[in-house]
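The values are calculated or read from the model by the stated rules, or taken from the named source; none is laboratory data. Worth saying up front: this structure is predicted, and the values here are computed from it rather than measured. Here the Cβ positions follow ideal geometry from the backbone for every residue, glycine too, while neighbour counts run over all protein chains shown.
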């Protein structure tokens, strides 16, 4: 074999075995190993005693994950958190811990069904669980809580960049369409003390949002309404916000949601969409690979997909809106602003 053929054969094997890293990360996250190490280095024996794990197996997992900058093995044979491991602790800004626990509990089971999805076009999640993702969240409060926590920690990574990228008005009303437990709306209301916020989502999400709002200093300016954003969106908004809503749905469903928003938008109102925005010509760098991973995630779990700015523009056009601007946030995420098409 030529050297490049050997390199390619080894590289594709690394890709094939990559799910093992995800499963190992989920395992140590569920055991609480990152938090156990947050106070300082510990031996595998001490960690096994603390977490109830099998010491030899835990030790193998810790050693393996040092290659991926999750843990560090010290000369005295203790283990410490490395750069990426810190992001799995519960107190880390934008912690990935809820995402790891959600993968362990439910989403990773759907990833194994991607071959069937490619053949049938049906998200493998639906086949694995006998229902769609959001219906299962409605049925399982524990999963709903994990999903909301995962979204809230993602918001921590983006909230400051969102306010920098879009001049949210100091007064008026912001309508958060599909706003989940209200983490993003709450952040905006704290930064805009004269702004009023209305959140609309499914019953389970609204219950969590109301609990969040009730304990906040902005409680008198925040309202959570149960509703179906496919059919009706609250009117009277100056800004309509959709964060990671459109990538959950196919094109027809997206146009339905956008049309529901356009129907109640005044001429001066703005629609702000926060999504991963794929490049027209995919590359192979870190951002392109993250986009590819999220594309595969959506393929297995939901009927939606990641889109380019041109594809978002087509959705807006079909709903009577016009794409006005696109500004990058963190990584491949972007903030798109659409306005009513005259």
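This table checks each residue for (1) in contact with a helix residue (DSSP H, G or I) (Cβ under 6 Å, 6 or more places away or on another chain); (2) closer than 18 Å to residue 205 by Cα.
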residue	(1), (2)
119	no, no
125	yes, no
129	yes, no
140	no, yes
150	yes, yes
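Checking each residue in region 119-139 for being in contact (Cβ under 8 Å) with a residue 40 or more places away in the chain and either surrounded by 18 or more Cβ atoms within 10 Å (Cβ to Cβ) or more than 19 Å from the chain's Cα centre (by Cα) (or both) picks out 123, 124, 125, 133, 137.
Per the listing 201, 176, 181, the residue uniquely in contact with a strand residue (DSSP E or B) (Cβ under 9 Å, 6 or more places away or on another chain), touching a residue at least 40 places away in the same chain (Cβ under 8 Å) and assigned by TED's automatic domain parsing to the domain that holds residue 159 is 176. Just to be sure before I move on: is residue 101 touching a residue at least 60 places away in the same chain (Cβ under 8 Å), in contact with a helix residue (DSSP H, G or I) (Cβ under 6 Å, 6 or more places away or on another chain), surrounded by 15 or more Cβ atoms within 10 Å (Cβ to Cβ) and in a loop (DSSP other than H, G, I, E, B) in the structure I sent? No. Only one entry of 315, 323 meets the criterion of being modelled with pLDDT of 95 or more, part of a strand (DSSP E or B) and surrounded by 19 or more Cβ atoms within 10 Å (Cβ to Cβ), and that entry is 323. Please work out if residue 277 is assigned by TED's automatic domain parsing to the domain that holds residue 154, in a strand (DSSP E or B) and under 24 Å from residue 114 (Cα atoms). Yes; evaluated as a whole, the condition is true for this residue.
Entry remark, region 326-341: residues being outside any strand (DSSP E or B) and farther than 19 Å from residue 156 by Cα number 1 in total. Scanning region 186-203 for residues that are buried (at least 22 other Cβ atoms within 10 Å of the Cβ) and within 13 Å of residue 148 (Cβ to Cβ) yields 186, 199, 201.
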